[in-house]
Each structure stands twice: as structure tokens, then as C-alpha cells.
Amino acid sequence: MAKHATPLLDQLQSGPWPSFVSDIKEEAERRHKNEKNVEYQVPVDVCDDLLGILELSYKDGTTHWKHGGIVGVFGYGGGVIGRYCDQPQMFPGVAHFHTVRVAQPSGMYYTSEYLRQLCDLWEMRGSGLTNMHGATGDIVLLGTTTPQLEEIFYELTHNMNTDLGGSGSNLRTPAACLGESRCEWACYDAQELCHQMTNEYQDELHRPAFPYKFKFKFDGCPNGCVASIARSDMSFIGTWRDEIRIDQEAVAAYVGGEIQPNGGAHAGKDWGAFDIEKEVIDLCPTECMWMEDGKLKINDRECTRCMHCLNVMPRALRIGNDRGLSILVGAKAPILDGAQMGSLLVPFIKVEEPYDEIKEIIEGIWEWWMEEGKNRERLGELIKRQGLAKAIAAVGLTPVPQHVMEPRHNPYIFWKEEDVEGGWDRDIADYRKHHQR
Amino acid sequence: MADPKEIVLEFIHSKSKQKSKFYFNDLAALFPEMKMREAKKLINQLVSDGVLEYWSSGSTTMYGLPGTGKQAGAEGEE
Ligand code: HEM
Ligand code: HEM
Ligand code: SF4
Ligand code: SF4
């Protein structure tokens, strides 16, 4: 018999989709049975009370969670999000229901042993409920009490070699695609750069002092498996400067049907013979490909590295040899002014230890945003307010055509004094030679 | 320069009727001659020393004196 009747929540279980209500009920039951004899450190009925308070919210049409709080582990200003409910007598199991953000393993490589440790930790010191890799990308452990926080932190750092992630006005848990560890499209070692930048900017990660949140994400190539262009204030996307490497024999093998396009991903249905004109050349967004005497030609100057042709014919077309990454800035979710994708800031930069050039760009942007950004203003909003030109100047670059989204968007040019010969001062006598008063 | 701790405390006390929590920018503005990332070190040191305390909504972090800034105060329900 459930602790609280939840007719409104029960209804959510009746749809065709998996239901979080069923999951929470299952965990509630498992906690009561406690077959593993776990020494629970948070109330055994935390999941029951979670369902209870949610049911009440559905009934009342309002939330019963308070917003925020003063919780954390010593020395860290992020990683723990304090949550308290406003009906603790009715639902004591969720009087405290703090969230812990935990850095995910790089490239999401888990071992089963690590997953077991994580689950054991959370059964004992938390609600048992987790949220793995949502939009934030890190491990989210849902529901614990204040006295458990230092214990959890100790266990994670000392026995699991894992740090807390970011929350609040700081650098959020950085994330990378699996990059060179598996993927032939990786234009730089995304996991390594992510790791290095995470270590370099520990202070920014754990001691919040930004106007608002700030996210880094690292994609090894423009396929964007961590979707950095859409969900990070600063995206690092692998690219190359020279030519796509073409193996003409393999092109012929694709055309002749000897190699399946897209690595055989569409083999479940008969789509007919592969048609390189229709499926590759006509779909190239910059129309920079053509066939000539049975050979595939690419005008690489026009190619935007969209990855389409490489994805369709991976054995024939390969990323270039002169590799690096592009940096984009300002992506964000819809809260103010709608969602925004990143804008190109640095078209190409080499990825070389000790990454000083990349750090200069990062720190230039931070200096500018911390100086000019309003409270709770994301980088993308500041760029919209002050213009991309200000962001470009902040990192000491000169504008290039790639910074221009479309011509004639803004007809005004503001000259700086140092760009004008002779500056703003002029010789009035000389001027009067040609102009009357 | 005067003791940063005194500058911060004086500012917070002068505002204590209206506010109990402050954005980083509000505090950094007390040290206009400093680069933002230097001001950050200084203010975080005050947190480590227990002079200030972090408060987080989950998405935004603010600073206040330890133990103050309960929800009720901020909402004028004292
Ligand atoms: C045995 C049952 C299940 C199998 C085999 C399964 C398999 C998968 C696979 C292979 C993916 C794609 C992984 C990726 O590339 O991101 C996926 C994604 C997903 N699954 Fe399941 N799943 C199962 C049950 C569930 C349940 C019960 C839920 C919800 C409670 C769920 C929610 C999701 C969501 C939300 C995604 C998208 C994640 C994202 O891209 O952000 N799945 N599932
Ligand atoms: C509990 C262990 C597992 C965890 C934590 C896990 C996690 C993940 C994650 C995070 C992804 C998304 C990777 C990406 O960013 O593209 C993924 C994808 C995937 N996983 Fe797992 N996985 C687990 C076990 C398995 C097992 C046992 C199978 C197969 C039997 C499997 C099959 C897949 C497949 C096929 C995809 C790619 C789905 C797609 O095409 O998008 N996973 N998994
Ligand atoms: S983003 Fe590119 S390099 Fe990284 S895993 Fe995806 S396809 Fe591979
Ligand atoms: S990567 Fe995209 S833009 Fe470049 S040649 Fe291939 S299809 Fe065209």
C-alpha cells in the first residue's frame, strides 16, 4: 500500500511512454524491501514523499519546492543545489532534497564497477534516484540531506576519483565527445583538451564569480556529438584548414555498390542503388562538389565542413591533415530572447600543448563578460546587446569575413581613434585654408 | 587600501535593510581599480574565512553574511 494516494500521478503511467512515476514507485518499493540491507542515511520513505509532494503540486497547481539555499561542501560554491520543500511536516522524507552534480567520466566511458559504486553510494546516502546526462551532460544525483553532503563528497573524491560538477554562477561541468578514443572524424583530442581545461579552471568551476552560468563543450568535429554549438557558451569544434582527403577508388566502390553508404546505417530498408549525385553532390550545402571523368572533385575553398559527404562515404572521404578547432560563443537556452546557437569567434586555432592560445581566448572572453555583463546575463545575451564586434575586440582579434553573418545587417561603422590617420586632432589653420568659417 | 573585509562588511550593513544577498558584481564594484578575476580571489577568500557565505538558486550564486538571508527576510515577512 503506497504511503500517499496519487491518482493524478497514476494517470501519467497510463500513456504509451516509459513513465518516471513508475520508476519512482519501483525505487520506493525497493527501499522498503531493502534486500541488500543498506544502512539508509536518508529517510526510507524519501521516494514515497517525493511522489506525495508532486501529487499535491498537481492538485494545487503550484510548486512546493523553495528556490535555492545555502548548502555545499567546504570550499566549493557549486556542485550542490539546495532544495527544501515547504511542507516538511506532511512530507518529512523530502524536507531536504538536495541535488548533487557530479563530473561524468570523460567521453562517458563507464566501467560497470564504477556504476555499481555510484549506485551503492546513492542508495545509501541519497534517494536512489539519478538523472544521467540530461541537457547539462553530467551525472545528477537527486535527493539527499545536508548532513550527507560532506560524506558524499569524501566518498566521490577519495574512493571514486571523481569531482563534483558545476552549478550556480560558475563554469559548469565541461563535456567532450569521445573524440580520438574511437572516432576517425576527430580533428583534435577532445577528451584531452576538456580534461586540461577542467584542471586549468578549477577555480572557475568551484568558486562562482561569473554574472551567470558558463558552459564549455568540446566536439571533435562538426558532427557535434555533444551539441556544443547549441548548448555551451563557448564551443570548441574540430575542423581542418586543408583539403578533404579523397580516395577515388573508394568513391568508385561506393558508386558501384561495393561499399554501403553511411556505414550501412540505412540497411534496414531497400532504398535502391546508391546515387552519388542525389545523395551527396546535390546535398552539399555550398554546392562545391562535382564529378569529372568518373572522379569526385571538391572545391575546398567553398566547403563549410558540414560533414555530410564524409558521413555518407567515410571510406572515401576523410578529414584534412591540417587540423585544429573553431571557437564559437554565445549559445543558450530560451529563457530570455529565445534560444540561440553559437556565433563563430575564432575560425581556426591549432590545438597544441600547453594550449596558451586557447586559454588567451577563454580568459579574454571572461574578462569582458565579467566586466560588462549584467547580473544573470548570459554571454550570448551580452553579445546581442553590445554586438559581436565587441567580443572579437575583447579577445584581440581583427574581424574577418567569417564573422559576418550577412552583408548590410548593420550599416554603421564606428572608427576607433587609433585606426584613423592623425587621430581625432586636426590642424585648424590647415583646415581653414579650404573651409570658411 | 583599506581592509577589503571592512569595505565589504560596511557595504553589506549599509544595505541590510533592503537586501541580504548580493551578486558578485555588486561586491566587485567596491574594488573598481581591481581586475575582475583579482576581485574574485579576494571575495572568495572572504568566503573561505567564513566572513561571507554562498547562496545558490541552482542557476545563480549570490553572497551574504553567514546565517542571514533566509527566504522570509528576502520576502519581507520578518
Ligand atoms: C530496456 C529499455 C531501454 C532501452 C533498451 C533503451 C535504449 C536507449 C538507447 C539506445 C538510447 C540512445 C542513447 C543515446 O544515444 O543517447 C536511448 C535514449 C534515451 N532513452 Fe532509453 N532505453 C530504454 C529505456 C528507457 C526508459 C525507461 C527511459 C525513461 C525513463 C528512457 C529514456 C531515454 C531518453 C530520455 C533517451 C534520450 C537521451 C538523450 O539523448 O538525451 N529509456 N534509450
Ligand atoms: C549501464 C551501462 C551503459 C551506459 C551507462 C550507457 C551509456 C550510453 C551513453 C551515454 C550513450 C550515448 C553516447 C553518445 O553520446 O553518443 C550510449 C549509447 C549507446 N549505447 Fe549505451 N550504455 C550502457 C550500456 C549499453 C549496452 C549494454 C548496450 C548494448 C547492449 C548499449 C548500447 C548503446 C547503443 C547502441 C548506443 C548508441 C545509440 C545511438 O545510436 O544513438 N549501451 N550509451
Ligand atoms: S563530434 Fe565528431 S569527432 Fe566527436 S564523436 Fe562525434 S563524429 Fe566523432
Ligand atoms: S563537408 Fe559539406 S560542404 Fe564540405 S564538401 Fe562535403 S558536403 Fe560539401
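Go through segment A:1-42 and give me each residue that's under 15 Å from A:Cys119 (Cα atoms), assigned to a helix (DSSP H, G or I) and away from ligand 1 (no atom under 16 Å from the Cβ). If the condition is that a residue be under 15 Å from A:Cys119 (Cα atoms), assigned to a helix (DSSP H, G or I) and away from ligand 1 (no atom under 16 Å from the Cβ), then A:Arg31 is the only one that fits. Scanning segment A:43-63 for residues that are open to solvent by less than 20 Å² (accessible area, probe 1.4 Å) and either farther than 19 Å from A:Asp10 by Cβ or assigned to a strand (DSSP E or B) (or both) yields a count of 1.
If you go through segment A:157-212 and keep only what is buried (at least 21 other Cβ atoms within 10 Å of the Cβ), over 16 Å from the mean Cα position of the chain (by Cα), assigned by TED's automatic domain parsing to the domain that holds A:Ser228 and more than 16 Å from ligand 4 (Cβ to nearest atom), you end up with A:Tyr188, A:Glu204, A:His206, A:Arg207, A:Pro208, A:Ala209, A:Phe210, A:Pro211.
The requirement of being over 25 Å from A:Arg231 (Cβ atoms) and assigned to a helix (DSSP H, G or I) is fulfilled somewhere in segment A:405-418, by at least one residue.
When each of A:Gly72, A:Gly15 is tested for being within 14 Å of another protein chain (Cβ to nearest Cβ) and either at pLDDT below 95 or within 16 Å of ligand 4 (Cβ to nearest atom) (or both), the lone residue that passes is A:Gly72. Can you find even one residue in segment A:89-109 that is open to solvent by 60 Å² or more (accessible area, probe 1.4 Å) and within 16 Å of ligand 3 (Cβ to nearest atom)? The answer is yes; a qualifying residue exists. Restricting attention to segment A:348-357, the residues that are in contact with a Lys or Arg (Cβ under 9 Å, 6 or more places away or on another chain) and in contact (Cβ under 8 Å) with a residue 60 or more places away in the chain add up to 2. Here A:Leu115 passes the criteria (1) free of Cβ contacts under 8 Å to residues at least 24 places away in the same chain; (2) open to solvent by 30 Å² or more (accessible area, probe 1.4 Å); (3) within 30 Å of B:Leu65 (Cα to Cα) except the one numbered (3). In segment A:148-159, the residues that are touching a residue at least 40 places away in the same chain (Cβ under 8 Å) and part of a helix (DSSP H, G or I) reach residues that are open to solvent by 90 Å² or more (accessible area, probe 1.4 Å) and aromatic (Phe, Trp, Tyr) with C-beta atoms within less than 8 angstrom, at least six apart or across chains, in these pairs: A:Glu150/A:Phe74. Could you please find all residues in segment B:1-42 being within 14 Å of chain A (Cβ to nearest Cβ), open to solvent by 80 Å² or more (accessible area, probe 1.4 Å) and in a loop (DSSP other than H, G, I, E, B)? Within segment B:1-42, B:Lys19, B:Pro32, B:Glu33, B:Lys35 qualify. In this structure, A:Lys390 qualifies as closer than 30 Å to B:Lys40 by Cβ and open to solvent by 60 Å² or more (accessible area, probe 1.4 Å).
Step by step: first the residues of segment B:45-59, then only those that are in contact with a helix residue (DSSP H, G or I) (Cβ under 8 Å, 6 or more places away or on another chain) and at the interface with chain A (Cβ under 7 Å from one of its Cβ atoms), then the one that is farthest from B:Leu9 (Cα to Cα). Which residue is that? Result: B:Tyr54.
Of all residues in segment A:146-155, one or more are touching a strand residue (DSSP E or B) at 6+ places or on another chain (Cβ under 9 Å), within 14 Å of another protein chain (Cβ to nearest Cβ), open to solvent by 10 Å² or more (accessible area, probe 1.4 Å) and away from ligand 3 (no atom under 16 Å from the Cβ). Where helices (runs of 4 or more DSSP H) fall wholly inside segment A:243-325, the ranges with 1 or more residues that are within 32 Å of the chain's Cα centre (by Cα), within 16 Å of ligand 3 (Cβ to nearest atom) and in contact (Cβ under 8 Å) with a residue 24 or more places away in the chain are A:308-312. Taking every residue in segment B:9-22 that is among the polar types (S, T, N, Q) and pairing it with any residue that is open to solvent by less than 30 Å² (accessible area, probe 1.4 Å), at least 6 positions away or on another chain, the pairs with Cβ-Cβ distances below 8 Å are B:Ser20/B:Gly64; B:Ser20/B:Gly69. Condition (residue is within 14 Å of chain B (Cβ to nearest Cβ) and open to solvent by 40 Å² or more (accessible area, probe 1.4 Å)) applied to segment A:21-33: is it met by at least one residue? No, that holds for no residue. The residues in segment A:48-68 that are in contact (Cβ under 8 Å) with a residue 12 or more places away in the chain, among the small types (Gly, Ala, Ser) and on the phi < 0 side of the Ramachandran plot can be counted, and the count is 1.
In segment A:419-433, the residue that is most open to solvent (accessible area, probe 1.4 Å) out of those that are under 30 Å from A:Pro399 (Cα atoms) and over 46 Å from the mean Cα position of the chain (by Cα) is A:Arg426. If you go through segment A:86-139 and keep only what is within 25 Å of the chain's Cα centre (by Cα) and in a loop (DSSP other than H, G, I, E, B), you end up with A:Ala103, A:Gln104, A:Pro105, A:Tyr109, A:Tyr110, A:Thr111, A:His133, A:Gly134, A:Ala135, A:Thr136, A:Gly137, A:Asp138. Of everything in segment A:75-85, what is among the β-branched types (Val, Ile, Thr) and within 7 Å of chain B (Cβ to nearest Cβ)? Give them in sequence order. Correct list: A:Ile81 only. Taken over segment A:323-338, the residue count meeting the criterion of being surrounded by fewer than 13 Cβ atoms within 10 Å (Cβ to Cβ) and over 17 Å from A:Ala135 (Cβ atoms) is 1. No other residue among A:Thr162, A:Thr173 is of a type in the set (S, T, N, Q) and touching a Ser or Thr at 6+ places or on another chain (Cβ under 8 Å) apart from A:Thr173.
The values are calculated or read from the model by the stated rules, or taken from the named source; none is laboratory data. Computed from a prediction, not measured in an experiment: that's the story for all the values here. Don't worry about glycine lacking a Cβ; one is built from the backbone with ideal geometry, like all the others, and counts go over all protein chains shown. Ligands, DNA and RNA are stripped out before the accessible areas are found, and what is left, the full protein with its side chains, is counted by its heavy atoms. Shrake-Rupley method; radii C 1.70, N 1.55, O 1.52, S 1.80 Å.
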